[in-house]
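**Student:** I'd like to ask some things about the structure below.
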Amino acid sequence: MSEGLKRPIRVVMFGGGPELTHDAKEFIYRLEMHPEIELLGVICQAESQSWKTIFKDLWHRRGWLAFPLFIARIIIGLIRYLKNPQKEIQLNRKLDQISIRVHNVKDIHAQDVKDLVHSLQPDLGLIYGSPILKPELFEIPAFGTLGIHHGKVPAYRGNKTTFWAMYNGEISAGVTIQKINAGLDTGSIVKEGEVPIGSRSYQTVWRNLEALGLDLYIQAILEVKNGTATYRPQIGEKGKLYKNPKIKDFIAFWIRQTKRRFGGESN
């Protein structure tokens with residue numbers, strides 16, 4: 001592969017949940033529009049895509065936090081549309097055009113799903129918000145599978161690591177593009193970057209991290225295509241596996257951020 005591919009790299013994306021997040025939609029859009037990338041399909045583990053299943057999923061994962069999170073999701077989506085309606089219309093229109101290549105499946109590891117991926121003959125797999133994949137699936141693509149993790153590794157593994165980085169008073173939050181292996185956020189690093197936290201709000205840090213992550217992901221794909229990708233093993237002490245924050249964590253986070261903002265706490 002050192003000479004690279006002389007044609008567009010053929011990719012398949014693995015996602016999950018009852019909705020595609022906005023950054024996942026932007027990622028799909030960029031894959032579809034890039035002349036050196038051929039998007040073969042998007043496979044999501046989800047029963048369906050609807051507001052009902054979105055809330056049901058939130059309730060299952062977050063309990064009573066589902067109510068404010070669901071409302072916040074609607075408000076953020078509305079604000080995003082009002083700020084740039086042309087972009088949002090263009091994004092949704094493109095997703096409608098490729099809907100035939102988006103497959104919602106009950107079990108992403110089912111035999112018919114694996115058969116589908118084999119039939120597509122992808123060069124590279126791409127994870128964006130999917131459940132944990134098994135080797136029997138992520139090893140199908142010829143060059144393996146890449147995944148995005150919004151966190152510095154190996155210190156910040158697991159869920160909502162941007163939140164926990166800010167909660168812990170870190171000076172920056174990271175994003176990593178890694179080659180997927182059988183571990184959890186333990187794959188070799190292909191690209192990585194970080195954004196400063198300072199006194200910024202969570203939403204600002206997260207938006208900056210999303211944008212950086214999308215850029216790094218596309219760069220990593222093209223490096224694999226061109227045969228220039230490097231795979232660096234993770235170095236340093238492995239951090240704990242973070243979980244979704246609970247209500248008490250959000251309250252503590254708000255108190256900590258308030259103290260930091262007004263100089264009452266240096267770390």
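**Student:** In this structure, does Ala155 turn out to be out of contact with any strand residue (DSSP E or B) (no Cβ under 8 Å at 6 or more places or on another chain) and assigned by TED's automatic domain parsing to the domain that holds Gly17?
**Tutor:** Values: out of contact with any strand residue (DSSP E or B) (no Cβ under 8 Å at 6 or more places or on another chain): yes; assigned by TED's automatic domain parsing to the domain that holds Gly17: no.
No; evaluated as a whole, the condition is false for this residue.
**Student:** Can you confirm whether Gly183 is assigned to a loop (DSSP other than H, G, I, E, B) and either among the β-branched types (Val, Ile, Thr) or farther than 19 Å from Phe14 by Cα (or both)?
**Tutor:** no
**Student:** Shifting gears a bit: In the set Leu209, Leu241, Leu214, which member is loosely packed, with under 15 Cβ neighbours inside 10 Å, closer than 30 Å to Leu65 by Cα, touching a residue at least 24 places away in the same chain (Cβ under 8 Å) and out of contact with any Cys (no Cβ under 7 Å at 6 or more places or on another chain)? Lay out the reasoning, then the answer.
**Tutor:** Numbers: Leu209 fails: loosely packed, with under 15 Cβ neighbours inside 10 Å; Leu214 fails: loosely packed, with under 15 Cβ neighbours inside 10 Å.
Only one candidate passes the filter, namely Leu241.
**Student:** Additional query: Looking at segment 106-137, which of its residues are in contact (Cβ under 8 Å) with a residue 60 or more places away in the chain and of a type in the set (A, V, I, L, M, F, W, C)?
**Tutor:** So the first thing to find is which residues in segment 106-137 are in contact (Cβ under 8 Å) with a residue 60 or more places away in the chain, and the list is 106-108, 113, 116-117, 120-131, 133, 137.
Listed by number, the residues that qualify are Ile108, Val113, Leu116, Val117, Leu120, Leu124, Leu126, Ile127, Leu133, Leu137.
**Student:** If you don't mind, another one. How many of the residues in segment 251-261 are surrounded by 12 or more Cβ atoms within 10 Å (Cβ to Cβ) and modelled with pLDDT of 90 or more?
**Tutor:** Final tally of qualifying residues: 2.
**Student:** Confirm whether Lys225 is under 30 Å from His109 (Cβ atoms), surrounded by fewer than 17 Cβ atoms within 10 Å (Cβ to Cβ) and touching a residue at least 60 places away in the same chain (Cβ under 8 Å).
**Tutor:** On the way: under 30 Å from His109 (Cβ atoms): yes; surrounded by fewer than 17 Cβ atoms within 10 Å (Cβ to Cβ): no; touching a residue at least 60 places away in the same chain (Cβ under 8 Å): yes.
The answer is no for Lys225.
**Student:** Okay, moving on. Applying the selection to segment 231-267, what residues are within 21 Å of the chain's Cα centre (by Cα) and either assigned by TED's automatic domain parsing to the domain that holds Gly125 or assigned to a helix (DSSP H, G or I) (or both)?
**Tutor:** Scanning segment 231-267 gives no hits.
**Student:** Identify the residue in segment 163-183 that is small (Gly, Ala, Ser) and crowded, with 16+ Cβ neighbours inside 10 Å and, among all such residues, is farthest from Gly151 (Cα to Cα). Spell out how you get there, then give the answer.
**Tutor:** At the first step, the residues of segment 163-183 found to be small (Gly, Ala, Ser) are 165, 169, 172-174, 182-183.
From the residues that got through so far, the ones that are crowded, with 16+ Cβ neighbours inside 10 Å too are 165, 173-174.
Values: Ala165: 8, Ala173: 6, Gly174: 5 Å.
Applying the filter and picking the extreme gives Ala165.
**Student:** Quick check on segment 18-68: of everything there that is among the aliphatic types (A, V, I, L, M) and at pLDDT below 85, which residue is farthest from Ile98 (Cα to Cα)? Quick ask: steps written out before the conclusion?
**Tutor:** If we filter segment 18-68 for residues that are among the aliphatic types (A, V, I, L, M), which is where we start, we get 20, 24, 28, 31, 33, 37, 39-40, 42-43, 46, 54, 58, 65-66.
Filter once more, so that each one left must be at pLDDT below 85: 20, 46, 54, 58, 65-66.
Values: Leu20: 14, Ala46: 18, Ile54: 22, Leu58: 27, Leu65: 33, Ala66: 30 Å.
This residue is Leu65.
The values are calculated or read from the model by the stated rules, or taken from the named source; none is laboratory data. If you're wondering where the values come from, they're calculated on a predicted model, not measured in any experiment. Don't worry about glycine lacking a Cβ; one is built from the backbone with ideal geometry, like all the others, and counts go over all protein chains shown.
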